[in-house]
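Visitor: Handing you a structure now.
The values are calculated or read from the model by the stated rules, or taken from the named source; none is laboratory data. Given the structure is predicted, the values throughout are model-derived calculations rather than measurements. Cβ sites come from the backbone with ideal geometry, for glycine too, and all protein chains shown count toward neighbours.
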Amino acid sequence: MKPNELQSLCRKWQKILRLQDWDIQIKYVRHWELEDNCQGNVIYKTARNEAVIKILVESDYPDDCEGFPQDQECTLIHELIHLKLSILNIDDDAENQICEGFSKAFVMLDRTK
């Protein structure tokens, strides 16, 4: 996916998730810029509603994607949901499970309409 396509998807999902008041920058990154088995992450400042979302470049996905499916839109939504949850004090593992479940559900619903 091209950077402008991902940025367009970000604007679409910001509207759906009511995050239009956030200034969000999307960056493609290499695998060494993320934790192991990580497809993306978000760094944010809630006081300023600013965030940088890092998405793993397609060329860095493993050849065997079972258990690590490549879906940059789903990763983007996952990171956006972290912004929605940023006001809560949730355990990191629990928050990731919530983000993962919702992002997959949102993408499935959007792609089946």
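Visitor: Within the stretch 8-20, is even one residue within 14 Å of the chain's Cα centre (by Cα), more than 20 Å from C99 (Cβ to Cβ) and without any contact (Cβ under 8 Å) to a residue 60 or more places away in the chain?
Guide: Yes, some residue in the stretch 8-20 is within 14 Å of the chain's Cα centre (by Cα), more than 20 Å from C99 (Cβ to Cβ) and without any contact (Cβ under 8 Å) to a residue 60 or more places away in the chain.
Visitor: Return the residues of the stretch 31-81 that are among the small types (G, A, S) and either modelled with pLDDT of 85 or more or more than 23 Å from A105 (Cα to Cα) (or both); say none if nothing qualifies.
Guide: Selection gives G40, A47, A51, S59.
Visitor: With the condition kept exactly as written, say whether any residue in the stretch 61-76 is in a helix (DSSP H, G or I), surrounded by 12 or more Cβ atoms within 10 Å (Cβ to Cβ), hydrophobic (A, V, I, L, M, F, W, C) and in contact (Cβ under 8 Å) with a residue 24 or more places away in the chain.
Guide: yes
Visitor: Another one. Would you pick out the residues in the stretch 1-19 that are touching a helix residue (DSSP H, G or I) at 6+ places or on another chain (Cβ under 7 Å) and not in a helix (DSSP H, G or I)?
Guide: Within the stretch 1-19, M1, L17, L19 qualify.
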